[in-house]
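Trainee: My questions will all concern the structure given below.
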Amino acid sequence: MKLKYGCNPHQSFATIDPLDAAHAPIRVLNGTPSFINFLDALNAWQLVREARVATGLAAAASFKHVSPAGAALAVPLSPELAKAYEVERKQLTPGALAYVRARGADPKCSFGDFAALSDVVDLATAEFLKGVVSDGIVAPGFEPAALEILKQKKNGAFIVIEADASFTPPKRERREVFGMELVQDRNDHQVTERDLAEVVCGELTPDAKRDLLLGLVAIKYTQSNSVGYALGGQMIGIGAGQQSRVDCTKLAGAKADLWWLGTHPKVLGLRFKKGVKKQDRINWRVRYIEGDLTRFEEEALRAALDAPLDLLRSEERHEWLRGMRGVSLVSDGFIPFRDNIDHASKHGVAFIAEPGGSTRDEEVSNACREYGIALVHTKLRLFHH
């Protein structure tokens, strides 16, 4: 199959074909995917399929540049989150609920995402997708009415890919780089609760186990190094592709803080004028939370609001963040120094799952004990490139 183009438009030749012509793992129902669209779709589909198996709940992911901006499960929303995600009074099916959560984890990074669902896409999910900026979706099936809605999106260019839920990939995978072929065993480890059996200190709650399982699956399909924060059945911050693990921890923590601040009363209380588009409302809330508005941005935000602008003060920000608790952190590689724990403690982390195996494991576990953080050694490294 000829693709729109490769990673960049000037890479005009690009194709994709199944290894077994008689049994393709996916089928394009609409649109013309690019090279990156397929990388996102194939990775995102694996994530949601495995998250569904690991937790028993409908799962969704919002992918950008071959890493998830968000991943989530079908867990009911609090009134505050329903308002923050702009889905108040909407009837959400499990699939729609999972995607609303996945999309809401990092709405700035989810702009123009590739969506994935573990379950058949229904009308409620398609209606939500209709109103957001997205490039495509992959799922194991589509209700006829939902498919018709999606085919109309982006003037008919929205990409719809159907995945074969019964497909089993080969045991080994190959890639070519600069005239060399690399071959390796596929990472076919299915994350389960057994991976949380070795509790080094503290205790895991049922919600923590659910969030850690989701986190491990999400990180498995995130470009390494990576660290993820999860709470309430969704990823709330993912730090991907950093050379230093503590930078991953800091980046993911900053994203988690921004997500939590999205439920601050002053953020939820921003009153936009009629006619301000949804994506603009989302972007303005993010910039309002971030707080470093330029003079031009502040003037534009004041003009977009139907009430005087009351900026979020530093003390209000810090006080609200103190309420973020019970967060789960997952790491795709061992935590090498206690500075990761020190920084994680600033973001409400109460549970950590990491492979273990560092020469400083005792130093890291002692730091967890100091902060009252439960620590699990999974013995499972999940690098992904």
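Read-outs: derived from the displayed coordinates by stated rules, not from any lab. Quick caveat: nothing in here was measured; it's all calculated off a predicted structure. Here the Cβ is made from the backbone with ideal geometry for all residues, glycine too, and neighbour counts use every protein chain on show.
Trainee: Among all stretches of the chain without exposed chymotrypsin sites (Phe, Trp or Tyr not before Pro) (DSSP loop, at most 11 other Cβ atoms within 10 Å), which one is longest? Working shown, then result.
Mentor: On the way: sites that count: Phe13, Phe178.
Result, exposed sites excluded: 179-385.
Trainee: With θ set to phi - 60° and the Karplus curve 6.51 cos²θ - 1.76 cosθ + 1.60, what are the ³J(HN,Hα) couplings of region 229-235 in order, to the nearest whole Hz, using x for Gly and Pro?
Mentor: So the Karplus estimates, Gly and Pro as x, are 10, 10, 7, x, x, 8, 6 Hz.
Trainee: Additional query: At q = 0.17, 0.28 Å⁻¹, what log₁₀ I(q)/I(0) does region 106-168 have when each alpha carbon counts as one equal point scatterer in the Debye sum?
Mentor: Normalising to I(0) and taking log10 leaves -0.54, -1.28.
Trainee: Where in region 17-109 are there trypsin sites (Lys or Arg not before Pro) that are in a DSSP coil and have at most 12 other Cβ atoms within 10 angstrom of their Cβ?
Mentor: Details: sites: Arg27, Arg49, Arg52, Lys64, Lys83, Arg89, Lys90, Arg101, Arg103, Lys108; in loops: Arg89, Lys90, Lys108.
In loop regions of region 17-109 (DSSP not H, G, I, E or B), the sparsely surrounded trypsin sites (Lys or Arg not before Pro) are Arg89.
Trainee: Could you tell me what % of all Cα pairs in region 265-311 have separations over 15 Å?
Mentor: Numbers: 360 of 1081 pairs.
More than 15 Å apart: 33 percent of the Cα pairs in region 265-311.
Trainee: Now for a different question. Nothing charged except the Cβ atoms of Lys and Arg (+1) and of Asp and Glu (-1): what's the magnitude of the dipole of region 265-311 about its Cα centre? Round to the nearest 20 debye.
Mentor: Details: 11 positive and 8 negative charges, 67 e Å.
Result for region 265-311 is approximately 320 debye, rounded to the nearest 20.
Trainee: Kindly write out, for region 193-203 in residue order, the coupling ³J(HN,Hα) from the Karplus curve 6.51 cos²θ - 1.76 cosθ + 1.60 (θ = phi - 60°), rounded to whole Hz, with x marking Gly and Pro.
Mentor: 5, 4, 6, 9, 6, 8, 8, 6, 7, x, 9
Trainee: Quick query: amide H of Ala59 versus all other amide H atoms, modeled in the peptide plane; which residues come in under 5 Å with a sequence gap of 5 or more or a different chain?
Mentor: Under 5 Å from the amide H of Ala59: Ser118, Asp119.
Trainee: Can you list the HN-Hα couplings for region 343-351, worked out from phi with the Karplus curve (6.51, -1.76, 1.60; θ = phi - 60°), rounded to whole Hz and with x for Gly and Pro?
Mentor: Coupling constants for region 343-351: 6, 4, 5, 6, 10, x, 6, 10, 9 Hz.
Trainee: A further question follows. Could you pull out every residue, at least 5 positions away or on a different chain, whose amide H is within less than 5 Å of the one on Leu29? Hs are placed 1.01 Å off N in the peptide plane, and Pro or chain starts have none.
Mentor: When sequence neighbours closer than 5 places are left aside, the close amide H contacts are Val160, Ile161, Glu162.
Trainee: Quick one: order Leu47, Leu147, Leu117 by neighbouring beta-carbon count within 10 Å, fewest to most. Can you show the working numbers first?
Mentor: Details: Leu47 26, Leu147 17, Leu117 31.
In increasing order of surrounding Cβ atoms, one gets Leu147, Leu47, Leu117.
Trainee: Which helices, taking whole DSSP H runs in the chain, have alpha carbons extending 27 angstrom or more along the helix axis plus mean Kyte-Doolittle at least -0.5?
Mentor: 35-55
Trainee: Cα centroids of region 247-266 and region 1-67: how far apart, whole angstrom?
Mentor: Value for the Cα centre distance between the two parts: 29 Å.
Trainee: Filter the cross-link list Lys130/Lys154; Lys108/Lys130; Lys153/Lys274; Lys108/Lys250 down to pairs whose alpha-carbon distance in this structure exceeds 20 Å. Mind dumping the intermediate values first?
Mentor: Details: Lys130/Lys154 9 Å; Lys108/Lys130 18 Å; Lys153/Lys274 23 Å; Lys108/Lys250 18 Å.
Too far apart for the 20 Å limit: Lys153/Lys274.
Trainee: Would you mind ranking His385, His343 so that the residue whose beta carbon has the fewest other beta carbons within 10 Å leads the list? List each step's numbers first, then the result.
Mentor: Working: His385 7, His343 19.
Ranking His385, His343 by Cβ neighbours within 10 Å, fewest first, gives His385, His343.
Trainee: If neighbour count is taken as other Cβ atoms inside 10 Å, put Cys248, Cys201 in order from fewest to most.
Mentor: Details: Cys248 26, Cys201 14.
Listing Cys248, Cys201 from fewest to most nearby Cβ atoms yields Cys201, Cys248.
Trainee: Please return the longest range in the chain lying between exposed loop sites, taking GluC sites (Glu not before Pro), DSSP loop only, at most 13 other beta-carbon atoms within 10 Å, and leaving the sites out. Write down the numbers at each step before the final one.
Mentor: Working: sites that count: Glu88, Glu198, Glu203.
Longest run free of exposed loop sites: 204-385.
Trainee: Follow-up. Build a GNM of the chain with springs between Cα atoms under 10 Å: which of Val100, Val133, Val177 gets the top mean-square fluctuation?
Mentor: Val177
Trainee: For His384, which sequence-distant residues (separation of 5 or more, or a different chain) have an amide H within less than 5 Å of its own amide H, given hydrogens modelled in the peptide plane?
Mentor: Those qualifying (amide H under 5 Å, at least 5 residues apart or on another chain) are Ser224.
Trainee: With the crude spin-label approximation of a point 7 Å out along Cα→Cβ, what separation in nm comes out for Arg369 versus Met180?
Mentor: Spacing of the two 7 Å Cα→Cβ label points: 4.4 nm.
Trainee: Now a separate question. Need one number: % antiparallel among DSSP beta bridges in region 26-167, to the nearest 5. Walk me through the numbers on the way to the answer.
Mentor: Details: 14 of 23 bridges.
Expressed as a percentage, antiparallel bridges in region 26-167 total about 60.
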